[in-house]
Amino acid sequence: MTEPLTTEQVRGVLAAACQAIYDAREALSDADRQIGDGDHGVGMGRGFKAAREAVETADLTTVGDAFKAVGSAVMRTSGGASGAVFGTMFRGPSKVLKSETLDGEGLAQALEESAEQVQLRGKAKPGDKTMLDALVPAGLAARESADAGGDVLAVAKAAAAAAHDGCEATIDMKATVGKSKSLGERSLGYRDPGAISVTILLDTIAEAIEAA
Ligand code: ADP
Ligand code: MG
């Protein structure tokens with residue numbers, strides 16, 4: 001059984017996730033070059049570099065403060081669709097994370113809230129070939145794991161696995177929102193870049209929790 005994470009552990013886990021996006025920035029732009037304008041890694045790299053610095057230096061009282069530091073930095077610095085979308089992914093759940101520790105239930109609530117807030121803000125839905133096709137299933141899998149008594153590591157692993165499957169499923173989807181929309185049929189055959197980013201974030205979060 002993995003103990004709930006302390007606020008300081010959450011700081012480290014989110015910093016690792018930010019670093020993973022920065023490290024993957026070239027692959028993310030390559031993915032966006034197939035079905036978008038080729039800049040996904042540029043915005044994400046800039047935003048999550050700033051987010052890593054922000055979360056490493058933020059004053060943290062609650063776990064939510066760490067998520068807020070990441071989301072606010074991304075929103076401020078990423079630009080493009082990803083600034084609003086990935087900023088909301090992390091800022092959205094900050095309000096529900098009022099505790100000084102993060103357990104499986106808390107992580108499930110955070111991912112559900114994330115998925116809901118991104119849908120409210122961006123007006124896209126599952127099936128539109130966006131990052132929501134990874135984030136929404138991740139939230140559902142996290143909820144299922146937490147309801148079955150999953151600890152924070154079990155919930156994180158369940159979410160990461162569902163995000164991975166969701167990202168693979170975007171290969172067979174036609175884009176209906178954002179810059180890929182105009183491609184229609186030609187967006188078939190490629191993963192959505194934002195869904196790849198969600199997978200990297202959740203994979204790294206699960207790995208960092210395991211190592212914490
Ligand atoms: P831009 O589209 O401005 O060039 P990016 O390339 O950084 O921005 O990000 C593109 C990604 O943003 C897409 O792959 C998709 O996952 C995500 N995205 C775009 N619009 C939305 C939306 N309305 N809701 C959720 N995600 C979205
Ligand atoms: Mg782009």
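Coordinate-derived values only; no laboratory data. None of the values given here were measured: they were computed from a predicted structure. Backbone-built Cβ (ideal geometry, glycine too); neighbour counts: all protein chains shown.
Points to keep in mind about this one:
- FRET E, pair K174, D30, Förster distance 25 Å, beta-carbon r, rounded to 0.05: 0.75
- Taken one residue at a time, the phi angles of the stretch 123-129 give Karplus couplings (6.51, -1.76, 1.60, θ = phi - 60°) of 6, 9, 9, x, x, 7, 6 Hz. Gly and Pro are set to x.
- Charge dipole of the stretch 78-187 (Cα centre as origin; +1 on each Lys and Arg Cβ, -1 on each Asp and Glu Cβ, all else neutral): 720 debye, rounded to the nearest 20.
- Of all the options G45, G139, G127, the one that moves most in a Gaussian network model of the chain with Cα springs shorter than 10 angstrom is G127.
- Extension gain from A211 to E8, taking 0.36 nm per residue of separation minus the Cα-Cα distance: 71.7 nm
- Taking R76, R46, R143 in turn, the Gaussian network model of the chain (Cα-Cα springs below 10 Å) assigns the largest fluctuation to R76.
- A212 long-range amide H proximity, modeled H, under 5 Å: none
- Result for the chain in a Gaussian network model with C-alpha springs under 10 Å: among A158, A110, A27, the largest mean-square fluctuation is at A27.
- Residue-by-residue Karplus 3J(HN,Hα) for the stretch 86-102, coefficients 6.51, -1.76, 1.60, Hz, glycine and proline x: 7, x, 5, 4, 9, 6, x, x, 4, 6, 8, 9, 8, 8, 8, 9, 10
- In this structure the amide hydrogen of M173, modeled in the peptide plane, comes within under 5 Å of the amide hydrogens of G189, none closer than 5 places in sequence on its chain.
- Sequence-ordered 3J(HN,Hα) estimates for the stretch 64-71 from the Karplus curve with 6.51, -1.76 and 1.60 and θ = phi - 60° stand at x, 4, 5, 4, 5, 4, 5, x Hz, glycine and proline given as x.
- A cut-off of 5 Å between modelled amide H atoms, ignoring neighbours fewer than 5 places along the same chain, links T101 with V63.
- Non-local Lys pairs in the chain, i.e. 8 or more apart or on different chains, that have alpha carbons under 25 Å apart: 24
- Centre separation in Å (Cα based) which lies between the stretch 65-118 and the stretch 1-30: 13 Å
- Only Lys, Arg (+1) and Asp, Glu (-1) charged, at Cβ; the chain dipole about Cα centre in debye: 980 debye
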